[in-house]
Amino acid sequence: MDVAEGKIGVAPELVAQLRAAVEAAHDEQVAFLAEMVRFPSLRGQEAPLQDWLARQLATRGYAVDRFTLADVPLAAHPKASPMVGVDPAGSVQVAATRRAATAGGRSLILQGHIDVVPTGPHDMWTYPPFSATIRDGWMYGRGAYDMKAGVSCMIFALDALRAVGLEPAADICVQTVTEEESTGNGALATLLRGYRGDACLIPESTGQTITRAQSGALWFRLRVLGSPVHVMVAQAGSNAILSACDMIRALQEHTAALNAKASQDPWFGGVQDPIKFNPGVIRGGDWASSTPAWCEVDCRIGLLPGTEVADAKAGVEQAIREAARKDPFLANNPPSVEWIGFEADGAVLEPGSEAEAILGRIHEHLLSEPMPARLSTAVNDTRFYSLYYGISSLCYGPDGEGPHAFDERVRLDSLPETTLAIALFVAEWCGVVPLREKQAA
Ligand SMILES: [Zn+2]
């Protein structure tokens, strides 16, 4: 037993047993992940994968609750985000519970999202994005890294405990959710459904770092009007597409002003331009020889922890209003802003929690280096558990490259490391007891 082993709260023999169990199941875990990646679980199309996961978890003896966003009072919650163009009744959530034989102990939520973002043109990928192709120790695919790999880790971590004849001494809830990439309403729905824990771990695609702070995000649709005329007298009309470009430039300037102030931020002060603005979708116009009468741009902008969502929204609206005033047509026909998704607060994992200390010791034990902390300029779901429900929440997961990019890929070597880290975290946080023959349903 080396010194580092003594620091974690799991006996060295059990560490060795769990390591062996994780390694023995590695091929099965990779196959499980590949199966997940082959489901094109784009927004609104997550149900088949959720059904598959519900069956997988039921087979493992969990009490599985499959419900949709229409089954919980989302609209009444102040932190629910608007969903535009998606049916809440089709957005399936899975919560799989395993209750401890006796009450007490520290319960745990393990949560992962299974929605993925669009692929872009398939011919720009080296391998088809839902093929789960494996090359040189990497699995390629949309969602392979963000974050189906993490979902496989949390499920196989609990499998490893069972393989060595143990189970958590406290209640465990495994959740697979949707909407992480657009609103966060899936995570919120699990809380509205009544699920709670003494801690929550989300094995997001963090490259085996702990997320110290995350920016929030807003989604909005900018609608710009124009005045259609024959292009031969274009000067007499107003071109909505060109006007939208002016509004985008105004929003870039607004973002630059916010980033100038961000240098004073206690968490993000050292990060260059932590507030990211992105015009992500554009559509408009009807005819190449007519000045376009309309243009819509779907945008995303970040906000730092401590900034109120309402203030960030007001800032966007004001930037648009001021820019429109400079244009003779838009001054009388101002663009509109519709809030169509994320209304996410930024969040900070304050150092010093017991849960983080345990995970940090485990990381250091397994990887022989202190657990690195990262500052994220994008959201993750921990904010719902920590900010609104007071549940100590950690975001730590496997390693990979290219989330949201072509050739997104996960480093398969990081799966056993992360899976074992989660198994050890469960063992130390919840405690372990001998496996019951018949698991409670
Ligand atoms: Zn993710």
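Key figures
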quantity	calculated
Complete set of residues in the range 209-240 that are under 16 Å from SER336 (Cβ atoms) and of a type in the set (A, V, I, L, M, F, W, C)	LEU218, TRP219, PHE220, LEU222, VAL224, LEU225, ALA240
Residue list for the range 388-410, restricted to those being more than 16 Å from the ligand (Cβ to nearest atom) and either in contact (Cβ under 8 Å) with a residue 60 or more places away in the chain or more than 18 Å from ARG196 (Cα to Cα) (or both)	TYR388, TYR389, ILE391, SER392, PHE406, ASP407
Residues that are within 14 Å of the ligand (Cβ to nearest atom) and touching a helix residue (DSSP H, G or I) at 6+ places or on another chain (Cβ under 8 Å), drawn from the range 366-382	ASP381
Among (1) away from the ligand (no atom under 16 Å from the Cβ); (2) surrounded by 24 or more Cβ atoms within 10 Å (Cβ to Cβ); (3) not hydrophobic (A, V, I, L, M, F, W, C), the one test that GLY105 misses	(2)
When residues of the range 138-148 are limited to those that are of a type in the set (Gly, Ala, Ser) and more than 10 Å from the ligand (Cβ to nearest atom), the one farthest from PRO121 (Cα to Cα)	ALA144
Qualifying residue in the range 19-34 (condition: buried (at least 19 other Cβ atoms within 10 Å of the Cβ), touching a strand residue (DSSP E or B) at 6+ places or on another chain (Cβ under 7 Å), modelled with pLDDT of 95 or more and outside any helix (DSSP H, G or I))	no
Any hit, the range 258-272, residues being within 16 Å of the ligand (Cβ to nearest atom) and under 30 Å from TRP429 (Cα atoms)	no
Count - residues of the range 277-294 that are among the aliphatic types (A, V, I, L, M) and farther than 30 Å from ASN259 by Cβ	2
Conditions (1) within 26 Å of ILE358 (Cβ to Cβ); (2) crowded, with 20+ Cβ neighbours inside 10 Å; (3) more than 15 Å from the ligand (Cβ to nearest atom): number failed by ASP198	(2)
Single residue of the range 123-137 satisfying the filter (without any contact (Cβ under 8 Å) to a residue 60 or more places away in the chain and either within 16 Å of the ligand (Cβ to nearest atom) or surrounded by 14 or more Cβ atoms within 10 Å (Cβ to Cβ) (or both)) that is farthest from LEU42 (Cα to Cα)	THR133
Condition check for ALA378: surrounded by fewer than 23 Cβ atoms within 10 Å (Cβ to Cβ) and either closer than 25 Å to GLU428 by Cα or more than 16 Å from the chain's Cα centre (by Cα) (or both)	no
Filter result (more than 20 Å from the chain's Cα centre (by Cα) and of a type in the set (A, V, I, L, M)) within the range 83-102	ALA89, ALA100, ALA101
Failed item in (1) within 16 Å of the ligand (Cβ to nearest atom); (2) out of contact with any Pro (no Cβ under 8 Å at 6 or more places or on another chain), with THR183 passing the rest	(2)
Top-ranked residue in the range 55-69 [being hydrophobic (A, V, I, L, M, F, W, C) and under 15 Å from GLY90 (Cβ atoms); ranked as surrounded by the most Cβ atoms within 10 Å (Cβ to Cβ)]	LEU69
Restricting the range 311-336 to residues that are crowded, with 19+ Cβ neighbours inside 10 Å and among the hydrophobic types (A, V, I, L, M, F, W, C), the residue that is nearest to the chain's Cα centre (by Cα)	ALA312
Considering residues of the range 149-168 that are over 20 Å from GLN208 (Cα atoms) and assigned to a helix (DSSP H, G or I) only, the residue nearest to the ligand (Cβ to nearest atom)	ASP159
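Okay, residues lined up against (1) at pLDDT below 95; (2) more than 19 Å from the chain's Cα centre (by Cα); (3) farther than 21 Å from GLY397 by Cα:
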| site | (1), (2), (3) |
| --- | --- |
| GLY184 | no, no, no |
| ALA189 | no, no, yes |
| THR211 | no, no, no |
| PHE220 | no, no, yes |
| ARG223 | no, yes, yes |
| HIS230 | no, yes, yes |
| ILE241 | no, yes, yes |
| ARG249 | no, yes, yes |
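The values are calculated or read from the model by the stated rules, or taken from the named source; none is laboratory data. Please read these numbers as outputs of a predicted model, since none were measured by experiment. Cβ: placed from backbone, ideal geometry, glycine included. Neighbour counts: every protein chain shown.
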